[in-house]
Amino acid sequence: MSNYIKGIIYTALSAVIFGFTPILGRLTYPMGSNGITLTFLRGTLCLPILFLLLKFKGISLKLTRRELGFVILLGSIGCGFTTLLLYLSYSYQAVGLSTTLHFIYPAVISVGCVFLFKEKLGILKLSALLFSMAGIFLSADFHSSFPVP
């Protein structure tokens, strides 16, 4: 199997599994869970799997002090904080709306690159951004916002 096909399969599986995360997380809220619990469990429960994958592939866990600081910063802000905010938003609005709004980040990054780095948006990128924003707008249900009991 080619790497291209593997990439497509992994991406599709990731999308399906990640798509169930908000639904399953929201179902745990009435049982006493919250965004902080979900973020902690998500990070903690994946560690043994990631450790085994690293060992299986022979990837070293050694980091310099500088690399460790960078990893902690990226992990805290890039994964931890963004996931925490997303899970906390499920308490205040519909899961579909929260998740849809969360995934506007490609548009935000593209616009940021245009203004900060003077990057040119070609016709393909601009079309993709316009279609994705239209899809987000059309699929968002701004009226079905309900808090967790």
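Some observations on this one:
- CD proxy at 222 nm, helix term only [per DSSP H run n ≥ 4: -39500 (n - 2.57); per residue of the chain; nearest 500]: -23000 deg cm²/dmol
- 3J(HN,Hα) along the stretch 126-132: 5, 4, 4, 5, 5, 5, 5 Hz, from the Karplus curve 6.51 cos²θ - 1.76 cosθ + 1.60 with θ = phi - 60°, whole Hz, x for Gly and Pro.
- Calculated translational diffusion coefficient of the stretch 29-89 (20 °C, 1.002 mPa s; Stokes-Einstein with Kirkwood radius over alpha-carbon pairs) equals 162 µm²/s.
- Its residues counted as N, the stretch 73-144 yields a C-alpha radius of gyration over 2.2 N^0.38 Å of 1.29.
- In the calculated pair-distance distribution of the stretch 1-57, the portion above 19 angstrom amounts to 50 percent of the Cα-Cα pairs.
- Here the stretch 94-120 and the stretch 52-78 have alpha carbon centers that stand 27 Å from each other.
- Applied to the stretch 109-116, the Karplus parametrisation 6.51 cos²θ - 1.76 cosθ + 1.60 on θ = phi - 60° returns per-residue 3J(HN,Hα) values of 5, 4, 5, x, 5, 5, 7, 7 Hz, with x for Gly and Pro.
- Karplus-based coupling profile of the stretch 86-97, in residue order and whole Hz: 5, 5, 5, 5, 5, 6, 10, 8, 4, 4, x, 5, with θ = phi - 60° in 6.51 cos²θ - 1.76 cosθ + 1.60 and x standing for Gly or Pro.
- Over all pairs of different C-alpha atoms in the chain, the reciprocal of the mean inverse distance, the Kirkwood hydrodynamic radius, equals 18.4 Å.
- Protection proxy ranking, peptides 36-48, 86-98, 3-15, average beta carbon neighbours within 10 Å, highest first: 86-98, 36-48, 3-15
Every read-out reported here was derived from the displayed coordinates using simple, explicitly stated rules and does not represent laboratory data. Note that this is a predicted model, so its numbers are computed, not measured. Virtual Cβ from ideal backbone geometry, glycine too; neighbours counted across all protein chains shown.
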